[in-house]
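In what follows, a single structure is set out as structure tokens and then discussed.
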Amino acid sequence: MLYSEKVMEHFRHPRNVGEMEDADGIGEVGNAKCGDIMRMYIKVRDGIITDVKFMTYGCGSAIATSSMATELIKGKPISEALELTNKAVVEALDGLPAYKLHCSVLAEEAVKAAVKDYFDKNNIEYDKEKYCAGDCPCQH
């Protein structure tokens, strides 16, 4: 079987889908090669991600990794959300085919982009190096 049961479950019944009108942070990332686009919304109270939603335009793996990433950060402190890795997302889904691993990277990047947006909107200092691979217009 190409995809694990967990991947199929999160694809068929994704968690936390939708837009968030009053989001504290919004992150949007995309992969030009495959066309996947993820938008992650977070609501933060006292340093805790109290709610998270996503909208993903992409393949089943992109939807499943977005869904799992939201489940892994919901209710967690921002510091923990920032430690979320694509590897942790893949492990939580019981694996992905090698050619779909880029979807899990997008999920990690979307979480970081939403947190960065929250930090920027609230004038919270952060290490810009953690958010940039050097190929973005972030002016770090």
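Taken over the stretch 53-70, the criterion of being touching a Lys or Arg at 6+ places or on another chain (Cβ under 8 Å), free of Cβ contacts under 8 Å to residues at least 60 places away in the same chain and not small (Gly, Ala, Ser) is satisfied by PHE54, MET55, THR56, CYS59, THR70. Out of THR65, THR50, one residue alone is closer than 16 Å to GLY18 by Cβ and modelled with pLDDT of 95 or more. It is THR50.
If you take the residues in the stretch 13-71 that are closer than 22 Å to GLY95 by Cα and of a type in the set (Lys, Arg), which one is farthest from the chain's Cα centre (by Cα)? Step by step, filter the stretch 13-71, then rank; the result is LYS33. Can you find a residue that is closer than 25 Å to TYR126 by Cβ and free of Cβ contacts under 8 Å to residues at least 12 places away in the same chain anywhere in the stretch 6-19? No, there is no match, as no residue in the stretch 6-19 is closer than 25 Å to TYR126 by Cβ and free of Cβ contacts under 8 Å to residues at least 12 places away in the same chain. Residue count for the stretch 87-107, restricted to those that are crowded, with 20+ Cβ neighbours inside 10 Å, more than 14 Å from VAL17 (Cα to Cα) and in contact with a helix residue (DSSP H, G or I) (Cβ under 6 Å, 6 or more places away or on another chain): 7.
When you check TYR126 against the structure, is it modelled with pLDDT under 95 and part of a loop (DSSP other than H, G, I, E, B), yes or no? It is true that TYR126 is modelled with pLDDT under 95 and part of a loop (DSSP other than H, G, I, E, B).
State yes or no: is SER79 of a type outside the set (Asp, Glu) and in contact with a helix residue (DSSP H, G or I) (Cβ under 6 Å, 6 or more places away or on another chain)? For SER79, the condition - of a type outside the set (Asp, Glu) and in contact with a helix residue (DSSP H, G or I) (Cβ under 6 Å, 6 or more places away or on another chain) - is not met. For the stretch 24-51, filtered to residues that are of a type in the set (A, V, I, L, M, F, W, C) and without any contact (Cβ under 8 Å) to a residue 60 or more places away in the chain, the residue that is surrounded by the fewest Cβ atoms within 10 Å (Cβ to Cβ) is ALA32.
Screening GLY35 with (1) at negative phi; (2) at pLDDT below 95 gives one miss only, at (1).
The values are calculated or read from the model by the stated rules, or taken from the named source; none is laboratory data. The structure displayed is predicted, hence computed values, not measured ones. Note that each Cβ is placed from the backbone with ideal geometry, even for glycine, and that neighbours are counted across all protein chains shown.
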